[in-house]
């Protein structure tokens, strides 16, 4: 089947637009996205104390389990707490306004895509936020408790001749660590989307993924060691899910990637 005939059966639902009309539409999409971000930022700043409390809950629960009723988090600069809450609002605004950014981007580019291209891209757009949330949930509900238990285990009580070593976490450092891990796990969980998409467009092949499995496993442990704190718990906690996601990517690529018989010899 010729390419022209294929495109006749696979139309683009778009109307001709001039360059100025495209720029005006782009400005409208950007304006909607920016307004959404600003509104979300204001709302998140209003609830920044609650959001920070949610992020600090894994550590607080561990300290309470150890009888730490008088434990606290500190800030050592007058402006530190204020800027910490600004960072909380900023990260929260990015997280909650991302669906609107993605929607506006899709509405801008979708009219220029063929129907088959829309059907091919849509599963990846839907899977990406789901995988990001899955990675964030894994690190929050599983990795944080294990890692925090490990770090707090280095506390030592006061004895004769020895001064007590006790954790007094800084609010800004704790936020940076938590957000770093959440973003690292969320982005790393996009691995299946990337690999399957590359197989879908014939940049990678299923056989290539299978043959490169050993190198991929080593690379995942190296990547986990780079983007996580220097503790074995968070490193293994990221590397093992990535290995499982790599295997899932191979299975999905077998199912989604075009078969050689489906490729047009012309």
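What follows is calculated from the coordinates using simple rules that are stated; it is not laboratory data. Nothing here was measured: the structure is a model prediction, and the numbers come from that model. Don't worry about glycine lacking a Cβ; one is built from the backbone with ideal geometry, like all the others, and counts go over all protein chains shown.
Between residue 57 and residue 137, what FRET efficiency comes out of the Förster formula 1/(1 + (r/R0)^6) with R0 = 22 Å and r the beta carbon distance, rounded to 0.05? Please list the in-between numbers first.
Numbers: r = 14 Å, r/R0 = 0.62.
Given R0 = 22 Å and the Cβ-Cβ separation, E is 0.95.
Can you classify the chain as rounded, prolate or oblate using the Cα gyration tensor, where a ≥ b ≥ c are the square roots of its eigenvalues, rounded means a/c under 1.5, and otherwise it's prolate if a/b beats b/c and oblate if not? It would help to have the intermediate numbers written out before the result.
Working: a/c = 3.94, a/b = 1.63, b/c = 2.42.
Verdict is oblate for the chain.
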Listed residues 38, 163, 236; largest mean-square fluctuation, Gaussian network over the chain with Cα springs below 10 Å, found at 163
So what's the angle, to the nearest 10 degrees on a 0 to 90 scale, between helix 48-65 and the longest Cα principal axis of the chain? 50 degrees
Using only Cα atoms and rounding to the nearest 10 degrees, what angle (0 to 90) does helix 80-109 make with the longest principal axis of the chain? 10 degrees
Cα centroid distance between region 190-232 and region 100-140, in Å? 20 Å
Hey, what number do you get for the chain at 222 nm if only DSSP H runs of n ≥ 4 count, each worth -39500 (n - 2.57), divided across all residues, to the nearest 500? -24000 deg cm²/dmol
Nearest 10 degrees is fine. How inclined is helix 191-200 to the longest principal axis of the chain, computing both from alpha carbons? 10 degrees
